[in-house]
(Lines give C-alpha, C1' and ligand atoms only; values in the text may rest on other atoms or scores of the structure.)
Protein backbone atom coordinates (compact mmCIF):
# COMPACT_ATOMS: atom_id res chain seq x y z
CA UNK A 1 0.00 0.00 0.00
CA UNK A 2 1.28 3.47 -0.89
CA UNK A 3 0.22 6.86 0.48
CA UNK A 4 1.74 10.12 -0.72
CA UNK A 5 -0.79 12.69 0.54
CA UNK A 6 -1.24 12.11 4.28
CA UNK A 7 1.73 14.27 5.27
CA UNK A 8 3.13 16.97 2.97
CA UNK A 9 6.48 16.00 1.50
CA UNK A 10 6.39 12.45 2.90
CA UNK A 11 5.86 9.27 0.88
CA UNK A 12 4.82 6.07 2.62
CA UNK A 13 4.94 2.49 1.35
CA UNK A 14 3.86 -0.45 3.51
CA UNK A 15 4.21 -4.16 2.72
CA UNK A 16 2.74 -6.75 5.12
CA UNK A 17 3.49 -10.47 4.65
CA UNK A 18 2.31 -13.57 6.49
CA UNK A 19 5.20 -16.06 6.60
CA UNK A 20 4.92 -19.76 7.38
CA UNK A 21 7.92 -21.89 8.29
CA UNK A 22 8.04 -25.47 9.54
CA UNK A 23 10.62 -24.40 12.11
CA UNK A 24 7.99 -22.26 13.85
CA UNK A 25 4.76 -23.35 15.54
CA UNK A 26 2.78 -20.39 14.18
CA UNK A 27 3.12 -18.10 11.15
CA UNK A 28 4.59 -14.64 11.70
CA UNK A 29 3.66 -11.24 10.31
CA UNK A 30 6.45 -9.25 8.65
CA UNK A 31 5.65 -5.54 8.35
CA UNK A 32 7.94 -3.37 6.19
CA UNK A 33 7.10 0.34 6.36
CA UNK A 34 9.15 2.75 4.22
CA UNK A 35 8.82 6.49 4.81
CA UNK A 36 10.66 8.81 2.45
CA UNK A 37 11.20 12.56 2.52
CA UNK A 38 13.76 15.16 1.49
CA UNK A 39 13.55 16.74 4.94
CA UNK A 40 14.26 15.41 8.41
CA UNK A 41 11.27 14.38 10.51
CA UNK A 42 10.40 12.59 13.69
CA UNK A 43 8.59 9.37 12.81
CA UNK A 44 6.49 7.66 15.50
CA UNK A 45 5.20 4.14 14.78
CA UNK A 46 2.70 2.91 17.42
CA UNK A 47 1.69 -0.63 18.41
CA UNK A 48 -1.14 -1.49 20.78
CA UNK A 49 -1.60 -4.81 22.53
CA UNK A 50 -3.98 -6.62 24.84
CA UNK A 51 -2.55 -8.64 27.68
CA UNK A 52 0.29 -8.37 30.18
CA UNK A 53 3.72 -6.98 29.43
CA UNK A 54 6.38 -9.65 30.00
CA UNK A 55 9.77 -8.55 28.78
CA UNK A 56 11.82 -6.16 26.66
CA UNK A 57 15.45 -6.80 25.75
CA UNK A 58 16.62 -3.29 26.62
CA UNK A 59 16.81 -1.07 29.68
CA UNK A 60 13.99 1.40 30.17
CA UNK A 61 12.97 4.00 32.74
CA UNK A 62 9.49 3.42 34.23
CA UNK A 63 7.47 6.33 35.55
CA UNK A 64 5.74 4.88 38.58
CA UNK A 65 5.13 7.92 40.79
CA UNK A 66 4.03 10.57 38.29
CA UNK A 67 2.77 10.36 34.71
CA UNK A 68 2.97 12.94 31.95
CA UNK A 69 0.97 13.08 28.76
CA UNK A 70 2.84 12.68 25.47
CA UNK A 71 1.81 16.06 24.03
CA UNK A 72 -0.96 18.61 23.60
CA UNK A 73 -2.46 17.76 20.19
CA UNK A 74 -2.78 15.20 17.37
CA UNK A 75 -3.89 12.51 19.80
CA UNK A 76 -0.76 12.66 21.94
CA UNK A 77 -2.77 14.51 24.60
CA UNK A 78 -4.61 11.25 25.32
CA UNK A 79 -1.47 9.14 25.82
CA UNK A 80 0.30 8.68 29.14
CA UNK A 81 4.04 8.12 28.92
CA UNK A 82 4.61 5.27 31.36
CA UNK A 83 8.21 4.34 30.45
CA UNK A 84 10.89 4.99 27.84
CA UNK A 85 14.23 3.59 26.75
CA UNK A 86 16.77 3.29 23.95
CA UNK A 87 17.23 -0.24 22.58
CA UNK A 88 20.69 0.40 21.08
CA UNK A 89 20.05 -2.31 18.47
CA UNK A 90 17.32 -4.70 17.38
CA UNK A 91 14.64 -4.86 20.05
CA UNK A 92 11.98 -7.31 21.09
CA UNK A 93 8.89 -6.52 23.15
CA UNK A 94 6.94 -9.47 24.58
CA UNK A 95 3.50 -9.74 26.19
CA UNK A 96 1.17 -12.52 27.33
CA UNK A 97 -2.43 -12.79 26.16
CA UNK A 98 -4.35 -15.79 27.43
CA UNK A 99 -2.01 -18.77 27.32
CA UNK A 100 0.21 -17.54 24.47
CA UNK A 101 3.13 -15.16 24.20
CA UNK A 102 3.48 -12.54 21.49
CA UNK A 103 6.56 -10.54 20.53
CA UNK A 104 7.31 -7.65 18.23
CA UNK A 105 10.88 -7.75 16.95
CA UNK A 106 12.06 -4.51 15.34
CA UNK A 107 15.08 -3.21 13.43
CA UNK A 108 15.65 -0.40 15.90
CA UNK A 109 19.17 1.03 16.15
CA UNK A 110 21.33 3.14 18.46
CA UNK A 111 19.35 6.27 17.57
CA UNK A 112 15.89 4.79 18.13
CA UNK A 113 13.66 5.39 21.14
CA UNK A 114 10.86 3.21 22.48
CA UNK A 115 8.13 4.84 24.56
CA UNK A 116 5.66 2.78 26.58
CA UNK A 117 2.22 4.34 26.53
CA UNK A 118 -1.27 3.96 27.96
CA UNK A 119 -4.44 5.60 26.68
CA UNK A 120 -6.32 7.72 29.22
CA UNK A 121 -4.71 11.14 29.57
CA UNK A 122 -6.80 14.32 29.25
CA UNK A 123 -9.93 12.25 29.88
CA UNK A 124 -11.65 13.63 33.04
CA UNK A 125 -14.82 11.57 32.52
CA UNK A 126 -12.91 8.32 31.91
CA UNK A 127 -14.44 7.60 28.51
CA UNK A 128 -11.29 6.07 27.02
CA UNK A 129 -10.15 2.49 27.40
CA UNK A 130 -6.79 2.20 29.13
CA UNK A 131 -5.14 0.20 26.37
CA UNK A 132 -1.37 -0.19 26.53
CA UNK A 133 1.03 0.24 23.68
CA UNK A 134 4.48 1.35 22.67
CA UNK A 135 5.84 3.81 20.13
CA UNK A 136 8.99 3.27 18.09
CA UNK A 137 10.46 6.73 17.49
CA UNK A 138 13.09 7.33 14.82
CA UNK A 139 14.41 10.56 13.33
CA UNK A 140 15.72 11.25 9.84
CA UNK A 141 14.57 11.94 6.31
CA UNK A 142 13.96 8.42 4.99
CA UNK A 143 13.46 5.48 7.33
CA UNK A 144 12.57 1.82 6.79
CA UNK A 145 10.76 0.26 9.76
CA UNK A 146 10.79 -3.55 9.77
CA UNK A 147 8.70 -5.20 12.48
CA UNK A 148 7.87 -8.86 12.97
CA UNK A 149 4.95 -10.05 15.08
CA UNK A 150 5.58 -13.57 16.34
CA UNK A 151 3.16 -15.65 18.44
CA UNK A 152 5.06 -18.25 20.43
CA UNK A 153 5.10 -20.55 23.40
CA UNK A 154 2.65 -21.66 26.03
CA UNK A 155 1.79 -20.47 29.53
CA UNK A 156 -0.17 -23.00 31.56
CA UNK A 157 -1.49 -21.41 34.78
CA UNK A 158 -3.03 -24.68 36.02
CA UNK A 159 0.09 -26.83 35.82
CA UNK A 160 2.36 -23.82 36.31
CA UNK A 161 4.77 -24.23 33.41
CA UNK A 162 5.99 -22.07 30.55
CA UNK A 163 7.44 -23.10 27.18
CA UNK A 164 9.19 -20.85 24.63
CA UNK A 165 8.51 -17.54 26.33
CA UNK A 166 11.15 -15.81 24.17
CA UNK A 167 10.81 -15.21 20.41
CA UNK A 168 12.74 -17.24 17.86
CA UNK A 169 13.35 -14.25 15.58
CA UNK A 170 16.45 -12.45 16.83
CA UNK A 171 17.92 -10.18 14.15
CA UNK A 172 16.66 -7.99 11.32
CA UNK A 173 19.08 -6.43 8.81
CA UNK A 174 17.95 -4.04 6.09
CA UNK A 175 20.43 -4.75 3.30
CA UNK A 176 18.94 -2.28 0.85
CA UNK A 177 15.98 0.08 0.78
CA UNK A 178 15.38 2.61 -2.00
CA UNK A 179 12.84 3.52 -4.68
CA UNK A 180 13.53 0.27 -6.54
CA UNK A 181 14.02 -2.48 -3.97
CA UNK A 182 13.92 -3.34 -0.29
CA UNK A 183 15.96 -6.36 0.78
CA UNK A 184 15.74 -7.55 4.40
CA UNK A 185 17.55 -10.43 6.08
CA UNK A 186 15.78 -12.09 9.03
CA UNK A 187 17.58 -14.60 11.26
CA UNK A 188 17.15 -16.33 14.58
CA UNK A 189 17.02 -19.55 16.53
CA UNK A 190 16.22 -22.91 14.95
CA UNK A 191 18.43 -21.96 11.96
CA UNK A 192 15.99 -19.33 10.73
CA UNK A 193 17.55 -17.44 7.82
CA UNK A 194 15.11 -15.66 5.52
CA UNK A 195 15.49 -12.90 2.98
CA UNK A 196 12.46 -10.75 2.22
CA UNK A 197 12.77 -9.25 -1.26
CA UNK A 198 10.40 -6.45 -2.30
CA UNK A 199 10.18 -4.57 -5.58
CA UNK A 200 9.00 -1.06 -4.72
CA UNK A 201 8.14 0.21 -8.21
CA UNK A 202 6.56 -2.66 -10.15
CA UNK A 203 3.62 -4.74 -8.80
CA UNK A 204 3.42 -7.09 -11.81
CA UNK A 205 3.43 -10.68 -10.61
CA UNK A 206 5.35 -12.17 -13.55
CA UNK A 207 8.30 -9.76 -13.64
CA UNK A 208 11.67 -11.30 -12.71
CA UNK A 209 14.07 -9.38 -10.48
CA UNK A 210 17.76 -9.70 -9.68
CA UNK A 211 19.71 -7.72 -7.06
CA UNK A 212 23.37 -8.09 -6.10
CA UNK A 213 24.47 -7.08 -2.58
CA UNK A 214 28.05 -7.68 -1.45
CA UNK A 215 28.62 -10.19 -4.26
CA UNK A 216 25.50 -12.18 -3.33
CA UNK A 217 22.76 -12.44 -5.95
CA UNK A 218 19.08 -12.42 -4.99
CA UNK A 219 16.57 -13.55 -7.63
CA UNK A 220 12.79 -13.68 -7.42
CA UNK A 221 9.60 -13.24 -9.42
CA UNK A 222 6.80 -10.85 -8.56
CA UNK A 223 6.59 -7.86 -6.23
CA UNK A 224 7.35 -9.74 -2.96
CA UNK A 225 8.99 -13.02 -2.07
CA UNK A 226 10.50 -14.72 0.97
CA UNK A 227 13.73 -16.50 0.08
CA UNK A 228 14.68 -19.30 2.50
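Scanning the stretch 91-111 for residues that are in a loop (DSSP other than H, G, I, E, B) and within 12 Å of the chain's Cα centre (by Cα) gives 107, 108. Of the residues screened, residue 57 is not one that is under 30 Å from residue 156 (Cα atoms), in contact with a strand residue (DSSP E or B) (Cβ under 6 Å, 6 or more places away or on another chain) and either in contact (Cβ under 8 Å) with a residue 60 or more places away in the chain or buried (at least 19 other Cβ atoms within 10 Å of the Cβ) (or both). Can you tell me how many residues within the stretch 29-43 are crowded, with 16+ Cβ neighbours inside 10 Å and over 22 Å from residue 181 (Cα atoms)? Residues meeting the conditions: 1. The residues in the stretch 8-43 that are under 23 Å from residue 115 (Cα atoms) and either touching a helix residue (DSSP H, G or I) at 6+ places or on another chain (Cβ under 9 Å) or at pLDDT below 95 (or both) can be counted, and the count is 0.
Looking at the stretch 133-228, none of the strands (runs of 3 or more DSSP E) lying wholly inside it contains 3 or more residues that are at pLDDT 95 or above, exposed (fewer than 13 other Cβ atoms within 10 Å of the Cβ) and in contact with a helix residue (DSSP H, G or I) (Cβ under 8 Å, 6 or more places away or on another chain).
Residue check: residue 189 meets all listed conditions (1) without any contact (Cβ under 8 Å) to a residue 24 or more places away in the chain; (2) farther than 19 Å from residue 91 by Cα; (3) touching a strand residue (DSSP E or B) at 6+ places or on another chain (Cβ under 9 Å) but one, namely (2).
Take the conditions (1) in contact (Cβ under 8 Å) with a residue 40 or more places away in the chain; (2) over 20 Å from residue 173 (Cα atoms); (3) in contact with a strand residue (DSSP E or B) (Cβ under 7 Å, 6 or more places away or on another chain); (4) not in a strand (DSSP E or B); residue 129 misses just one of them, which is (1).
The values are calculated or read from the model by the stated rules, or taken from the named source; none is laboratory data. This one's a predicted model, so the numbers in the text were calculated from it and none came from an experiment. So basically every Cβ, Gly included, is an ideal-geometry build from the backbone, and we count neighbours across all protein chains shown.
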